[in-house]
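For reference, the structure discussed in these notes is given below.
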Amino acid sequence: MMKRIVALVLSLVCLLLCFAGCSHGINDKGAYIRMYLGERVYDFDPLNAFDNQATLQIVSLIYEGLFTADEDGDVKKALVDEYEYIADEEKDTYKLVLHLKETKWSDGVQVTASEAQYAFLRLFSTGVSHPAVAMLFDIKNARNIAAGTDSVDHLGVMVTDPLTLEIEFERNIDIDTFLPVLASPALYPLRADKIDTDENWSKLGKDIVCSGPFTINMMDYKEKDGFMLERNGYYYRDRTKDDPDKYVTPYRIIVDYTTPAIDQLPNFNSTEEGALYYFGYIPLAARTDEYADVLKKLDVTASNSTHVYYMNQAVAPFDNAAVRNALSLALDREAIAEAIVYAEAADALVPESILYRADKSTTFRKKVDGYFTTAANVEQAKQLLADAGIKASDYSFTLTVNAGSEEHLKMAQLAVAAWKQIGFDVTLKELGVYEIVNEDSKGNKTHTGAYASEYREALQSGSFDVIALDLVSTAPTALSYLAPFAKAFSGNGYSAVVGEDGKTTYTANPHITGYDSEEYNAKIDAAQAEQNEKKRAALLAEAEAILMKDMPVIPVVYNKNTQLVGKKLSGVKSDFFCPNVLTDAKLSGYWKIAIRDGFVEEE
């Protein structure tokens, strides 16, 4: 009997020791980690994340896609559990069946195939103009819908049960060439009940329901530590039996936007209160030898975007290809890249990270040569204008830039100086955000707390002379990057004209720049139809050459991702769209840090 009692006591002691080793008390929900992720984000709609790399990074943390793409652009399953491609040549039907995993939105509602379908339908709705539609023309009726000759109700994307989505195609396709499309953030499943009832649904953190590993706990950029991501407790988790951190390790990610990043950097890796353990963005002022010791372990990788300038061909003199090429020649891309430090002078358009899918051991950029020198050639630019009969001093124009990005501002200042050097009168136009204020019939105003971007409004409406942006790839393919410059693939809607006979003629609108080349359109058409990856890659290289000759878009630099990880932090990963995947991030000694910083009380 005594032996039994001793054994029972020893078992209880072991159990208590186990609990003591595994938990810091009932307040221990996981690590609170101070970070600096990047510039402020005011809009979390995935469709608005393709003109600025910083926005896409945050969006990728709060939504889950059907698939994801790793750092090399290779496709991996995410929300999709299993899939099968069924080709019935006798019936001429070809479809991809996607079986989804079980998970929930951050409000506890089941994620279903209907939300996945909604993302496809939303891209083709008449109120949305988006270049991501260029990826989807293999889907049954997609091209006709984009051209205005068919209804979005006929898009070949169907829900067959709550966790099954079927995609029907126009023809037999190589499914491996289509799967990268499904990794696009433009196809993140979304909730129609939230979006269709609130035009500001994506602008207030408390109103956004998330399917990804994190949800937005707080979004007040006027408060210290005012931006906070919190673990989504429903992310793939059975709350009745799974540990809270089974799928998402950190409890909260805390970001201070009231203190300039340059002032926060000295507190990186420190043992003081408020220490930071991760920087996803290095401020320009720190990109000097003075901070070499702090940045010696900085990881710099190729981004999936190129910083570019769009020129509005509806405005003179940008309707002249000679002018567009002269503006390109005048830029000293090497000096611009040197000023940014973490960038590379661009000699083409497609960014460095996109695979050459005919040979996945290399990238499109390494396989396809550039098209121009990266140093400025002012004299050649002036000669080009002279040969075209253009007197630069007769023209004045503005370069519109996102005022919230110090990198974009710095590059724009150098571009303005270069263009003045060849005789143009150029003004920098900085556009930021403004608060959305509602006003009733009596003139009473209500502050919503939501912000809209003047810059994005100018970009999406085409209200610019020249505009700067990060052209972010909508999918990890060169086709998705190049196709939107072709008229039928622009995603810019269509014009409908009713003739005298009562019949309606639909004409696709060109790219937002106004670029419309029959040669280029035909080349992209051929590339989209081609199923052989080697032949498609050759067609895309030819298309890029045409684009760089016509120059409706000026590539400036290939963007780089930066990542500075503290000694106490581990488990930070990267994928194609998001260099700071934080799902498995672990902070050593996090409980003592949480007590020190006042996040929890010592028990």
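Some points to look at:
- Given (1) more than 20 Å from the chain's Cα centre (by Cα); (2) closer than 12 Å to Pro189 by Cα; (3) surrounded by 19 or more Cβ atoms within 10 Å (Cβ to Cβ), number of the condition Arg122 does not satisfy: (1)
- Here Gly274 meets the list (1) touching a residue at least 40 places away in the same chain (Cβ under 8 Å); (2) under 28 Å from Asp72 (Cα atoms) almost entirely, failing just condition (2).
- Selected residue (criterion: farthest from Ile254 (Cα to Cα)) from residues of segment 61-85 that are among the hydroxyl-bearing types (Ser, Thr, Tyr) and open to solvent by 20 Å² or more (accessible area, probe 1.4 Å): Tyr85
- For segment 233-252, the criterion of a residue being outside any loop (DSSP other than H, G, I, E, B), touching a residue at least 24 places away in the same chain (Cβ under 8 Å) and hydrophobic (A, V, I, L, M, F, W, C) is satisfied by no position.
- Scanning segment 78-124 for residues that are assigned to a helix (DSSP H, G or I) and touching a Ser or Thr at 6+ places or on another chain (Cβ under 9 Å) returns Ala113, Glu115.
- Looking only at segment 34-44, residues that are in contact (Cβ under 8 Å) with a residue 40 or more places away in the chain and open to solvent by less than 10 Å² (accessible area, probe 1.4 Å) come to 4 in all.
- Segment 307-319 residues that are touching a residue at least 60 places away in the same chain (Cβ under 8 Å) and within 15 Å of Ile390 (Cα to Cα), paired with ones that are open to solvent by 50 Å² or more (accessible area, probe 1.4 Å) and among the basic types (Lys, Arg) (beta carbon under 8 Å, 6 or more apart): none
- Criterion applied to Glu406, Glu454, Glu379 was being under 21 Å from the mean Cα position of the chain (by Cα), farther than 16 Å from Val308 by Cα and at pLDDT 95 or above, and the one residue passing it is Glu454.
- Count of segment 584-596 residues which are open to solvent by 20 Å² or more (accessible area, probe 1.4 Å) and outside any helix (DSSP H, G or I): 4
- In segment 40-65, the qualifying residues are those that are of a type in the set (A, V, I, L, M) and outside any loop (DSSP other than H, G, I, E, B), and the one that is modelled with the lowest pLDDT is Ala54.
- Residue in segment 462-474 that is touching a Pro at 6+ places or on another chain (Cβ under 6 Å) and not hydroxyl-bearing (Ser, Thr, Tyr) present: no
- In segment 279-290, residue least open to solvent (accessible area, probe 1.4 Å) [restricted to those that are in contact with a helix residue (DSSP H, G or I) (Cβ under 7 Å, 6 or more places away or on another chain) and without any contact (Cβ under 8 Å) to a residue 60 or more places away in the chain]: Ala286
- Asp153 fulfils the conditions (1) touching a residue at least 40 places away in the same chain (Cβ under 8 Å); (2) more than 23 Å from Asp88 (Cβ to Cβ); (3) assigned to a helix (DSSP H, G or I) except for a single criterion, (1).
- Across segment 419-436, the number of residues qualifying as open to solvent by 60 Å² or more (accessible area, probe 1.4 Å) and farther than 10 Å from Ala452 by Cβ comes to 6.
- Of all residues in segment 437-468 being open to solvent by less than 30 Å² (accessible area, probe 1.4 Å) and among the aromatic types (Phe, Trp, Tyr), the one that is farthest from Asn377 (Cα to Cα): Tyr455
The values are calculated or read from the model by the stated rules, or taken from the named source; none is laboratory data. The model shown is predicted, which means the values in this text are computed figures rather than measured ones. A quick note on method: Cβ atoms are made from the backbone with ideal geometry, for glycine too, and the neighbour counts reach across all protein chains shown. Protein only, heavy atoms only, side chains kept; ligands, DNA and RNA dropped before computing areas. Shrake-Rupley method; radii C 1.70, N 1.55, O 1.52, S 1.80 Å.
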